[in-house]
Amino acid sequence: MDAYHILSRRWRYLRCESTVGAGLPVISALMRFLTSGDPVCQVVGALSGTLGYVMNGLQEGQCLSLVVQQAKLLGYTEPDPRDDLSGMDVARKALILARLMGWSINMEDIAVESLFPTEMEQNKMTTDQFLKEGLLSLDAEMNERVNSAKKAGKVLRYVATIADGSCKVGLVAVSHDSPLGQLKGSDNLIEIYSRCYKESPFVMRGAGAGNDTTACGVLADILDLQDLYESSS
Ligand SMILES: NC(=O)C1=CN([C@@H]2O[C@H](COP(=O)(O)OP(=O)(O)OC[C@H]3O[C@@H](n4cnc5c(N)ncnc54)[C@H](OP(=O)(O)O)[C@@H]3O)[C@@H](O)[C@H]2O)C=CC1
Ligand SMILES: N[C@@H](CC=O)C(=O)O
């Protein structure tokens, strides 16, 4: 938190856009609300390209073990997909957004739902074992969760909710026709509620993971900083 305070004192000279939405300008959008003085009261989002892709695959009848391997091949997952499936990748993104909103919180303050049991954590199993054996043993339970949501006319989405001083990330059953329910592929979606955007929130949606979109996000940050430093020198 100390390092964060030092860095964020010069926020206008920092760029870290791809840490949240890959190529999607989620942080820039949020910063525009904050710098304009429009207080943000709630942020809700599907912030994982991997978990979006995985939940869509499960909804279409694929099994977890297979769809995670596909997400890895497509470059959506972290080097160890457990960083995605544990919810930690989403929790880190939520923490970044919450701190930008001015909240003084740490990872321990975030309620995180993991999609695998503690026996499969990094210190107990190699990535290879997890991908080859661990995931297979989770297929049936995950299909059951997806199917019971289906029976209730819902789809499962891994959602981050930052509101009322608390932050949580986990699976939520949403209706098919809601903005979250309609997400396709590895899309991310973020809704920002503020004083001006209370009834009708600001919504941003699009590809939220993958090598190309992430590289574009990082390049845009570099060019932006180059312009900023050139104009101030
Ligand atoms: N993929 C995505 O969609 C997104 C990724 N990110 C972030 O980008 C970062 C990289 O992700 P991604 O590109 O997918 O991961 P990859 O596994 O595809 O790439 C990681 C690269 O970093 C190299 N590397 C790892 N450790 C070291 C080290 N100690 N010194 C030098 N090089 C190292 C690896 O080299 P080697 O192969 O030789 O091990 C590899 O080339 C992560 O922090 C991720 O969270 C952010 C947004 C989206
Ligand atoms: N593994 C992450 C990559 C981007 O942050 C994701 O799936 O969203």
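Laboratory data are not the source of any read-out in this text; all were calculated from the coordinates shown. In this text, all values refer to a predicted model and were calculated from it rather than measured experimentally. Glycine also receives a Cβ, built like all others from the backbone with ideal geometry; neighbour counts cover every protein chain displayed.
Positive contributions from Lys and Arg (+1) and negative ones from Asp and Glu (-1), summed over other residues with Cβ under 9 Å from the Cβ of residue 15, come out at -3. Relative contact order of the chain: 33 percent, from C-alpha pairs under 8 Å at least 6 residues apart in sequence. Charges were assigned to the Cβ only: +1 to each Lys and Arg, -1 to each Asp and Glu. The resulting dipole of segment 43-174 about its Cα centre is roughly 440 debye.
Modelled label positions at residue 140 and residue 176, each set 7 Å beyond Cα in the direction of Cβ, lie 2.9 nm from each other.
The label-point distance for residue 104 and residue 163, in a model that sets each label 7 Å from Cα toward Cβ, rounds to 2.6 nm.
Could you list the chymotrypsin sites (Phe, Trp or Tyr not before Pro) in segment 50-143 that lie in coil according to DSSP, counting only those with at most 10 other Cβ atoms within 10 Å of their Cβ?
Working: sites: 53, 76, 103, 130; in loops: 76, 103.
Sites meeting the loop and neighbour criteria: none at all.
Its residues counted as N, segment 96-165 yields a C-alpha radius of gyration over 2.2 N^0.38 Å of 1.48.
Using just the helices of the chain, give the 222 nm mean residue ellipticity in deg cm²/dmol: DSSP H runs with n ≥ 4 each add -39,500 (n - 2.57), and the total is spread over all residues, rounded to 500.
Numbers: 9 runs with 94 residues, N = 233.
Using -39500 (n - 2.57) per qualifying helix, the result is -12000 deg cm²/dmol.
Solvent-free Debye calculation, one equal scatterer per alpha-carbon of segment 1-107: log10 I(q)/I(0) at 0.09, 0.11 Å⁻¹ equals -0.29, -0.42.
Just subtract the alpha-carbon distance of residue 151 and residue 132 from 0.36 nm times their residue separation and send over the number in nm, one decimal. Could the numbers behind the result be given before it?
On the way: separation 19, 0.36 × 19 = 6.84 nm, distance 3.00 nm.
Result: 3.8 nm gained on full extension.
Under the convention that each Lys and Arg Cβ holds +1 and each Asp and Glu Cβ holds -1, the size of the dipole of the chain around its Cα centre is about 540 debye.
When you filter the trypsin sites (Lys or Arg not before Pro) in segment 185-223 for DSSP loop state and at most 11 other Cβ atoms inside 10 Å of their Cβ, you are left with 195, 198.
Applying 0.36 nm per residue to the separation of residue 41 and residue 196 and subtracting their alpha-carbon distance, the gain on full extension is 54.7 nm. Placing unit charges on each Cβ (+1 for Lys and Arg, -1 for Asp and Glu) gives segment 67-121 a dipole about its Cα centre, and among 73, 85, 112 the Cα reaching farthest toward its positive end belongs to 73. Hey, if you drop one equal point scatterer on each alpha-carbon of the chain and run the Debye formula without solvent, what base-10 log of I(q)/I(0) do you get at q = 0.15 Å⁻¹? Result of the Debye calculation: -1.05. Overall, the anisotropy analysis places segment 34-76 in the prolate class: the square-rooted eigenvalues a ≥ b ≥ c of its C-alpha gyration tensor yield a/c not less than 1.5, with a/b exceeding b/c.
With 28 Å as the limit, write out which pairs from 132/154; 154/198; 72/198; 124/151 have Cα-Cα distances beyond it, or answer none. Show your work: numbers first, answer last.
Numbers: 132/154 30 Å; 154/198 25 Å; 72/198 37 Å; 124/151 35 Å.
As for pairs spanning more than 28 Å Cα to Cα, those are 132/154; 72/198; 124/151.
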